[in-house]
Amino acid sequence: MRINPETVERIKQTADIVEVVGDFVSLKKKGANYSACCPFHNEKTPSFNVNPVRQIYKCFGCGAAGDSIKFVMDIDGVGYGEALRYLADKYNIEIEQEEVTDEEALRQNERESLYIILNFAKNFYVQQLHESDEGQAVGLSYFKERGFTGEIRKKFELGYSLDTWDAFSKVALEKGYSSQLLEKAGLLIHKEGSQTAGYDRFRGRVIFPIHNVAGKVIAFGARILKSDKSKAANQPKYLNSPETEVYHKSDVLYGIFQAKNAIRQLDHCYLVEGYTDVISLNQGGIENVVASSGTSLTVEQIRLIGRFTPNVTILYDGDIAGIKAALRGLDLVLEEGLNVSIVLFPDGDDPDSYVRKVGAEAFKAYLKNNSKDFITFKTEMLLQDAGNDPFRLAAVIGEVVNSIVKIPDAIKRQVFFHRTSEMMKVDEQMLITEGNKLLRKLHTQKPQERAPRQAQAPESPADLDALFSGGPFSESNEPPTDFFAPETGHTETPQRSKLYYQEEAFIRLLVVHGTRELEPTITVCQYVLSEIEGIDFKDTIFHHLLVLFRENFNRNQVLPTDYFLHHHEPEIRNLTIDWLANKYELSELWSEKYEIFVPFETDVLDKTAFINILRLKKAFIEEKMKVCLQQAVHAKTEEEQTAIMSEFMYYKGISMAAAKELGSVIG
């Protein structure tokens, strides 16, 4: 299915980069832009930048960059068409839908096809819950018994799978979906050697669709409801989708799509164990809650929470043995820099049963009054177990210190060392000393994690002179032309010539400021192109862009920045974003408080353009001088060598004149 160009353009114009990115990470205002920790790589210091004016994002850590469509493609791992459909759905832009034929299904990539069939399955299960006799009698009755209202069932898209072997797969196959696709989606089980298409994975169960952050259904959880206990005894109470191309259990939190806005607004997340815990708390008005779905908490799940808030409270039932086992894995949360608290419910209760027992308001009050930070909770529990046994007390000290040193923030570590020393009635300095020993040991074991990643900018030319050719803006003592250019996040700098960097600076000037006027009716594009007639660029991509500008200028057109931001060639798009993104922003305090006025690039654009031209021509002449020297070495006669050196000295003289104009020193 193809989306017509008019609709595509409408989607691009409507989608707001701040809103789109904000659905996946918690953005903070920083000057005119927004920043966050990058969702594409693990970091604790924000290097991800969103520019609402240009409608682009750029990570100065890993280099990820693009617009709203590219962000959705990268964060969700989908193709261009699926990203457009996601944005169209978000902004209620109507796209004419067509039946998916076998031929069209083959053209879809596997990941997008899985999303389509999983969404189809979700709709089927929802329909069966409300429209089939079995669904109403069994599934709907179960949800109503638990007190789940129609609104909450709709919010979580709850459904029911009929207790027959092929109720779903039969309908899906009739609609044109292949049995191979159903099997890859985890909806169909096919036994090797069997002559049949297979049978439904979920039968006679209530269905809990599992969504990713974008709201796409990626898997299902299903609970058995058979009244015949002899039949039910041979099957697991809960059955989940297997791992697929779009579903990796360790990366997913149940309810994250429904909870992300509340988590961001309240700057807090509650973590529970099961599907019904999430749903019951939502019905009680607590929406900032997600579930680990019965798995041990993973680093990926922790980082997913960390996208929206650093504050997480884990809600445990009264199973002490289970809590002790779970506590051993919670150091992972501390390592990721999150602030962890624990709430323990009375024995025999979990969040679902307790909120239904006491009601929403009493439940919220219980959370407020019984929340303890993780270190305090762990210390109290271990001390209670140790009693007065000195050996066990010593072990407790070691275990608590081991958790404290996992906290990345040194100030927080100091606070917890102080509090722990008071609780355990031991010397604070002794705890700190033990902690430092562990830290040194950790650093020795993991030197590669200790070394900070250092971003390097491309090498600047040593000689910043250029060929002087005169011009209306010839003034020196101005900031260098790359003063405003963004730093790059590459860890290795490729060996490139001075000419490469001058070509890049020149093209950057055209792309970013080409349409601006230096004087009435004289644009940057017109001025700089007129000054480099007869010069062609060596770098392929820069030469291509220069030709584009020249061809369009000859037709009295100046290409705008947006043309390059949405160019069909990814390399051109990425270069444009690199040139537009600023890693650092000038504080307003310089002018407002200290009355120090630092010029922006647009304030000195005339001088910048002039210097840019000079440096480009100087680099161009230097390449000619290198050629002369190479030719002189291989000259066969004295006359030929003299002619070559004469040409070299001619270029050298022009270079020195240019250097004098710019105030540069030549050795």
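The values are calculated or read from the model by the stated rules, or taken from the named source; none is laboratory data. Computed from a predicted structure; not experimentally measured. As a convention, Cβ positions derive from the backbone with ideal geometry for all residues, glycine included, and neighbour counts pool all protein chains shown.
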Members of the range 11-55 that are more than 22 Å from residue 211 (Cα to Cα), in a loop (DSSP other than H, G, I, E, B), polar (S, T, N, Q) and in contact (Cβ under 8 Å) with a residue 12 or more places away in the chain: 42, 47, 55
Taking the criterion of being touching a residue at least 60 places away in the same chain (Cβ under 8 Å), assigned by TED's automatic domain parsing to the domain that holds residue 617 and assigned to a helix (DSSP H, G or I), would at least one residue in the range 563-570 satisfy it? yes
Filter the range 544-562 for residues that are in contact (Cβ under 8 Å) with a residue 12 or more places away in the chain and farther than 15 Å from residue 576 by Cα and give the result. 550, 553, 558
Conditions (1) on the phi < 0 side of the Ramachandran plot; (2) touching a residue at least 40 places away in the same chain (Cβ under 8 Å); number of the one not met by residue 337: (1)
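Listed here are the residues, each with its yes/no results for (1) surrounded by fewer than 20 Cβ atoms within 10 Å (Cβ to Cβ); (2) closer than 26 Å to residue 78 by Cα.
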residue	(1), (2)
259	no, yes
285	yes, no
288	no, no
316	no, no
With the condition kept exactly as written, say whether any residue in the range 122-140 is at pLDDT 85 or above, over 25 Å from residue 565 (Cα atoms) and in a loop (DSSP other than H, G, I, E, B). yes
Can you find, within the range 117-157, the residue that is surrounded by the fewest Cβ atoms within 10 Å (Cβ to Cβ) among those that are more than 14 Å from residue 207 (Cβ to Cβ) and in contact (Cβ under 8 Å) with a residue 40 or more places away in the chain? 149
Just to be sure before I move on: is residue 467 hydrophobic (A, V, I, L, M, F, W, C), within 35 Å of the chain's Cα centre (by Cα) and either closer than 17 Å to residue 618 by Cβ or modelled with pLDDT of 90 or more (or both) in the structure I sent? no
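Considering only helices (runs of 4 or more DSSP H) fully contained in the range 250-369, which possess at least 1 residues that are more than 22 Å from the chain's Cα centre (by Cα) and not assigned by TED's automatic domain parsing to the domain that holds residue 149?
Values: elements: 256-266, 275-283, 299-306, 320-327, 331-335, 351-358.
So the answer is 275-283, 320-327, 331-335, 351-358.
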Does at least one position in the range 508-515 carry a residue that is over 31 Å from the mean Cα position of the chain (by Cα) and without any contact (Cβ under 8 Å) to a residue 60 or more places away in the chain? yes
Sort out which residues of the range 40-96 are among the aromatic types (Phe, Trp, Tyr) and surrounded by fewer than 18 Cβ atoms within 10 Å (Cβ to Cβ), and write them in order of number. 40, 80, 91
Which pairs have Cβ atoms under 6 Å, sit 6 or more apart or on different chains, and link a residue in the range 158-169 that is in contact (Cβ under 8 Å) with a residue 12 or more places away in the chain to one that is basic (Lys, Arg) and surrounded by 24 or more Cβ atoms within 10 Å (Cβ to Cβ)? 161/205
Among the residues of the range 511-531, which ones are aliphatic (A, V, I, L, M) and surrounded by fewer than 18 Cβ atoms within 10 Å (Cβ to Cβ)? 522
Can you tell me which residue is nearest to the chain's Cα centre (by Cα) among those in the range 13-25 that are crowded, with 16+ Cβ neighbours inside 10 Å and over 17 Å from residue 60 (Cα atoms)? 24
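Taking the range 143-202 on its own, how many of its residues are assigned to a strand (DSSP E or B) and within 29 Å of residue 281 (Cα to Cα)?
Residues flagged as assigned to a strand (DSSP E or B) and within 29 Å of residue 281 (Cα to Cα) within the range 143-202 amount to 3.
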So is residue 623 part of a helix (DSSP H, G or I), among the acidic types (Asp, Glu) and at pLDDT 85 or above or not? no
